[in-house]
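Heads up, the thing below is written out as structure tokens.
The values are calculated or read from the model by the stated rules, or taken from the named source; none is laboratory data. What you see is a predicted model; the values in this text were computed from it and never measured. All Cβ positions, even for glycine, are placed from backbone atoms using ideal geometry, and neighbour counts span all protein chains on display. Accessible surface areas use protein heavy atoms only, side chains included; no ligands, DNA or RNA. Shrake-Rupley method; radii C 1.70, N 1.55, O 1.52, S 1.80 Å.
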Amino acid sequence: MSTHSEDSASFPLSNDRQLVGTRRKAREKVMQLLVACSTDEISWEEVFPHIVYRDFNFNDQETEPQKLLTPDEILELESDTRVNWDETELDFIKELTSRTIEEMEYSDGLIERFAQNWELDRIALIDRVLLRMAVAELIHFPQIPTKVTINEIIELAKSYSTDKSNVFINGVLDAVVVELTTSQRLKKTGRGLHE
């Protein structure tokens with residue numbers, strides 16, 4: 001597994017802050033990986049260490065420092081936060097990323113079919129990526145409840161996409177779930193996982 005030192009050369013990482021990787025954060029990282037490699041100029045494996053091990057700081061802090069800062073304090077304030085992952089979450093990131101890419105043609109067909117009056121290339125990139133992720137997760141992760149997948153994707157849309165994206169994505173995914181169920185591609189195992 002890659003070490004954190006290789007991904008800290010270009011952008012500084014905080015010395016004081018750390019996050020624990022969660023399943024929600026894992027999905028966010030999958031989205032970021034897929035958006036980063038959406039032009040086919042770079043593979044997700046190449047950007048994996050840079051994206052997965054850091055929570056990006058976009059300098060949107062609203063608190064104004066009330067004193068002059070030292071160079072070290074400025075660096076700390078502007079640095080990204082290190083994300084510490086459990087091995088199972090790293091495996092989830094890798095599998096969801098690869099499954100999303102593997103199912104992209106099928107997912108895009110569903111999206112075009114159920115995104116009424118929207119051509120695929122007119123749908124916001126993040127919305128397309130989130131819908132593709134949802135389809136891959138619904139098909140390939142039988143232990144994750146359908147509602148959890150949809151809710152998590154909608155939460156990402158609220159955080160990263162347009163004001164209306166969550167409603168649009170929810171509508172498309174409702175139709176996708178019906179299609180996957182009808183075609184028997186939605187197979188959930190365990191109690192309470194299938195509605």
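Observations, loosely collected:
- Converting the Cα gyration tensor eigenvalues of segment 84-138 into ellipsoid dimensions via √(5λ) gives semi-axes, longest first, of 26, 11, 8 Å.
- Whether segment 100-195 is rounded, prolate or oblate, judged on the alpha carbon gyration tensor where a/c under 1.5 counts as rounded: prolate
- Cross-link reach list, lysines versus K158, counting only Cα pairs under 29 Å and skipping chain neighbours closer than eight places: K25, K29, K94, K147, K187, K188
- Full-extension gain in nm, L77 to L19, via 0.36 nm per residue minus C-alpha separation: 19.3 nm
- Accessible solvent surface per residue of segment 21-142, calculated while the other protein chains remain in place, 1.4 angstrom probe, Å²: 54
- Sequence-separation-based contact order of the chain, relative, with Cα cut under 8 Å and 6+ spacing, percent: 22
- An ellipsoid equivalent to the chain, defined through the eigenvalues of its Cα gyration tensor, has semi-axes of 34, 18, 16 Å when rounded to whole angstrom and sorted largest first.
- Mean ellipticity per residue at 222 nm, deg cm²/dmol - from DSSP H runs of n ≥ 4 across the chain, formula -39500 (n - 2.57): -17500 deg cm²/dmol
- Sequence of K25, K147, K94, K164 when ordered by accessible area, the most exposed leading, probe 1.4 angstrom: K164, K147, K94, K25
- Ordered by solvent-accessible area of protein heavy atoms (1.4 Å probe), largest first, the residues E78, E179, E103 come out as E78, E179, E103.
- Residues W118, W44, ordered by accessible area of protein heavy atoms at a 1.4 angstrom probe radius and largest first, appear as W118, W44.
- Candidate aspartates and glutamates - alpha carbon under 20 Å from K67, same-chain residues fewer than 8 apart omitted: D16, E76, E78
- For T39 and L68, a Förster radius of 25 Å and the Cβ-Cβ distance give a FRET efficiency of 0.05, rounded to the nearest 0.05.
- Relative to the current alpha-carbon distance between D108 and V148, full extension at 0.36 nm per residue lengthens the span by 12.3 nm.
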